[in-house]
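Have a look at the structure below, then the notes.
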Amino acid sequence: MAWTEPLAESAPRPGRPSRPFYYPPHVRRDDGYLGPGAEPAQSHPRFGTFDARPARGRGRGRSRGRGGGGGGGRFTGRRVEVPRDASPQQDFNEFDLATKLGDLDVVVEGSDDAGGEAINFAAYENVPVEASGSDVPPPASTFEEIDLGDALSLNVRRCNYAKPTPIQRHAIPIAVAGRDLMACAQTGSGKTAAFCLPMVFGVLHDGVKREKHLSSRRSVCPSGLVLSPTRELACQIYEEAKKFAYQTVVKVAVAYGGAPFGQQVRTLEKGVDILVATPGRLVDMIEREKVSLRRIKYFTLDEADRMLDMGFEPQIRKIVEWMDMPPPGARQTMLFSATFPDDIQRLASDFLSDYIFLAVGRVGSSTDLITQKVEFVDDKDKRSNLVDILRSQAKNGCLGSKQALTLVFVETKRGADDLENWLLRSGFSAIAIHGDKVQMERERALRSFRSGAIPIMVATDVASRGLDIPHVAHVINYDLPKSIDDYVHRIGRTGRAGKSGFATAFFNGKNLSLATALVQLMQEANQQVPSWLSECAKESCNGSPGLAWNRRASRFGGNDFRRRGAKSSYRSSSSSSSSYRDAHAYGSSEDCYARPPSADVYGYAAADSHLSASHGYYDAANNSSHADGPDRYGTSHGSIGASGWE
Ligand SMILES: Nc1ncnc2c1ncn2[C@@H]1O[C@H](COP(=O)(O)OP(=O)(O)OP(=O)(O)O)[C@@H](O)[C@H]1O
């Protein structure tokens, strides 16, 4: 058996002495778990220094591949179901946030239908999907249908990705067809692979001509570029892309701030086809003529709304418009996020050419896999409340011998340090991560948390986006963020890849401006909204539903902004003649989400004449029970569905 074969075949058999074994990246998990009975990795010529394993917790864990193990059980009403099947040697303690969080029972769940794979695909059935733009390529229900070629298909299998998630079903065919894409799907639903796979495919398909990547000044000229807002996320994307590029000629590299510049440049000079970078370090490299973007053919902005908000936009514009990157149309551009406010969509369209807008689930919604709870807690009581929760968890919240992980979000860096110190003094094992820590400290914090060595991490928003940490069972918003989108990303650190999770927020008078959006978000995700919170929401809107709707419109602005009130940008575009035909489909499909108080709020009347091509369709796996037919949705393609993952 080759050492590269999937873990399923390569794990030592019971009864046999285990021998030293090299595990390729596909079968390693960031928390160090290598499969039942696995021994420490041996060095390998290509990945000699790669060992993602933590100092503690080796050989622990429960399932194979990323996303394995889940966030610690499945909350179904008042019962928590814990998968039974993952590993015979694992002896599960009950995972139960019960004492504090509502006396949840723990039951052991039977094996899932997904053939033993870690992801709970049932959670992804019936996801409403909207795709708008001209000539939208149809979705694929399997990876085989997409025909990624032998090497890539093998790597997908090595990752134990048996089927594509809904965003992958829709986005990968669009991307492989070379189309520009603005894609929105809920947190933890597999967006990273949705852009990494097509990028590796594209580079492979074009044929790598690396010697030509060096210009006369010897700048490195990658053909793929992924930008990410944080260093940790850049590293995570790099790892994911590397899995897909494994044993192919495609070389992936990462460049991010806080790490030695020269070392990163030397790595790039060995050859890079796909570069994953944070904007600051990339600008630095371009300005010092170490990297040139003139050959970029595939460009992805992950967490695109964050990348285009006020903090990052100037840097992104500089990279995309003022450096030597080919213009829209001459490159393929893909934007991904779980949230896409209208103003950002409008801004983002500058970077795209004839793009397809894809929304899997409601734009900006949270998944109902996450049980959300909001408690009214005054600032002075927050610490004692937190301790109550953590004590309750310490007693009950274990996965195997490990504590289920808890991520606590605070507003400021100072607040993160203070809370970390206080938790340590109170006897909890906690660590803080924020932007003032040096990179090594940040990485150490993340590593200890990920491995379970330190089960509580106090974080600022530096950890709110994209990070995929198995076993995060509970996200606590100790300080609520200012924007509902940040809340969506924060709680999205749990409830990933079809697993359930739990989120608690401490709300008080300082958070009134968030009340309306929070209530709407919770209602959309079928969560119980406390009556006092609904009252707060009403009061914060002065009892005016119109104001509430306005706020909703600005944060949850429906889906494709081109189909709403985007008059000028679309009038001037070169949409096909079919682009204007589904005016009524648009209006009626919006009705499925909720009815605004008046058409003017959203500019429906205007939308009638500025509508882009409407090829909305239901997810292939969706059944007709959600599709009310052409009369309701206005198009024979089917159309947009209701919100949530129901
Ligand atoms: N087809 C698949 N089958 C099984 N697991 C998958 C599949 N696709 C992705 N995953 C796993 O799902 C988890 C979440 O994926 P990912 O991090 O890409 O989510 P995301 O949508 O980018 O989340 P976020 O919005 O937080 O950035 C990862 O552990 C990933 O390995």
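The values are calculated or read from the model by the stated rules, or taken from the named source; none is laboratory data. All values reported here derive from a predicted model rather than from experimental measurement. Heads up, the Cβs are rebuilt from the backbone with ideal geometry, glycines too, and the neighbour counts pull from every protein chain shown. Heavy atoms of the whole protein, side chains included, go into the accessibility calculation; ligands, DNA and RNA do not. Shrake-Rupley method; radii C 1.70, N 1.55, O 1.52, S 1.80 Å.
Rounded, prolate or oblate: pick one for segment 437-493, where a ≥ b ≥ c are the square roots of the eigenvalues of its C-alpha gyration tensor, a/c under 1.5 means rounded, and failing that, prolate if a/b is larger than b/c, else oblate.
Prolate, because a/c is 1.5 or more and a/b exceeds b/c.
Ranked highest first by average number of other Cβ atoms within 10 Å, how do 516-527, 384-395, 321-332 line up?
The packing order, highest mean first, is 516-527, 384-395, 321-332.
Assign one of three labels to segment 339-443, namely rounded, prolate or oblate, based on the Cα gyration tensor with a ≥ b ≥ c the square roots of its eigenvalues; rounded applies when a/c is under 1.5, prolate when it is not and a/b is larger than b/c, and oblate otherwise.
prolate
What is the antiparallel percent of DSSP beta bridges lying wholly in segment 203-329, to the nearest 5?
Counting only bridges with both partners in segment 203-329, antiparallel ones make up about 5 percent.
Largest first, what is the accessible-area ranking of Val136, Val176 with a 1.4 Å probe?
Val176, Val136
So what are the ³J(HN,Hα) numbers for segment 458-464, from phi and the Karplus equation (6.51, -1.76, 1.60; θ = phi - 60°), rounded to whole Hz, Gly and Pro as x?
9, 9, 8, 5, 4, 9, 7
Given the Cα-Cα distance of Asp378 and Gln247 and 0.36 nm per residue of separation, how much length would full extension add, in nm?
41.7 nm
Please compute the length gained on full extension between Thr267 and Asp354, using 0.36 nm multiplied by the number of residues separating them and subtracting their Cα-Cα distance.
Full-extension gain reported as 27.8 nm.
Over 26 Å between Cα atoms: which of Lys243/Lys270; Lys499/Lys538; Lys270/Lys437 fall into that group?
Those over the limit are Lys499/Lys538; Lys270/Lys437.
Test of understanding: what is the full-extension gain from Met323 to Ser531, defined as 0.36 nm times their sequence separation minus their Cα-Cα distance?
69.6 nm
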